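Contents: one structure, followed by commentary.
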Amino acid sequence: MRPEHRHELKTNELAEWLGNLPQWTKENLIIIIVVLVIIAAVAIFYIQRSSSKNAVAYEQLEFTNLLNQLSGSKTQILRAQTQGSDLSYILLQPASNLRTFAQTINNDRMAALALIKQAEALRTELHYRPGTVSEQDLTAQINQAKAAYADAIERASFYTPLTAKAKFGLGLCEEELGNFAEAEQIYRDIVADPNFEGTIAAVQAKFRLDTMSDYKQKVVFKPSPPKPTPAEFPQGAIQIKPADANLPVDTNRPADVNPDAQVKNNTSEVPDINAPGK
């Protein structure tokens, strides 16, 4: 077959297919729509999946940075305390950032952990303060911590370890407010809940119940004895004079001879060449 004839046949087939396209589309319109919808759904799924992975990775990175900020603030506070400065207030900023982070993410597990860390930062700030914390500040800040723990329980209702950890935090808050009966009840509920068996919070709650009586008592430190003044010496102590300390030892001199007298005697025996009659 000649190339010209072959090209003519292909042109005729294309023209015939284009001519029948409207009729074919009309007859298969439903199938075409279904296929297009499936293709679009698959494309959207993969785009969202890729975007979701990127979002989760970004949230994890942001959460890690917040935890590093919290840890760094604690180190900075302790270093300042050794120099007599109080920087405990800087823990309030990472606590606020953690709450904002928990409110803006969709990952309930990460949000619950962020709320728990926020509550711990609020409680730690009170412990790092030098001196006595006023009752008003203590109550206000511990109530904020309790609200954070309660929100964490709501967000982590599906994840048992975080729920137990948040409830244990509520018990610690009640202890810090002096509500020991409420704290004991919270610890008993944690220990008795079979869902919390094997969690760290359950072990901690049992330990707090066993040692609760120790935390109720006020610790009074015995004053240290006064240091002796430099003028006080023990009886029978030997006092060394500067002349004795610097004088070389004379092995030929009896031990009971006065060194000052010996020096004087030796000096008087030296003849004076300028004396008359000598």
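Counting pairs of alpha carbon atoms under 8 Å apart in space and at least six apart in sequence, what relative contact order in percent does the stretch 159-216 give?
Computed value for the stretch 159-216: 36 percent relative contact order.
For a protection proxy built on the mean count of beta-carbon atoms within 10 angstrom, sort 83-94, 181-192 highest first, please.
Output ranking for 83-94, 181-192: 181-192, 83-94.
Treating only the Cβ of Lys, Arg, Asp and Glu as charged (+1, +1, -1, -1), what charge dipole size does the stretch 159-216 show about its Cα centre? Round to the nearest 20 debye.
The calculation lands at about 140 debye.
Students often check this: by mean Cβ neighbours within 10 Å, which of 114-120, 139-145 ranks highest, and how do the rest follow?
Output ranking for 114-120, 139-145: 114-120, 139-145.
If packing is taken as the average count of other Cβ atoms within 10 Å, what order do 64-73, 104-113, 169-178 fall into, highest mean first?
Output ranking for 64-73, 104-113, 169-178: 169-178, 104-113, 64-73.
None of the figures in this text is laboratory data; all of them are computed from the coordinates on show. A quick note: this is a predicted structure, and the numbers were derived from the prediction, not measured. Here the Cβ is made from the backbone with ideal geometry for all residues, glycine too, and neighbour counts use every protein chain on show.
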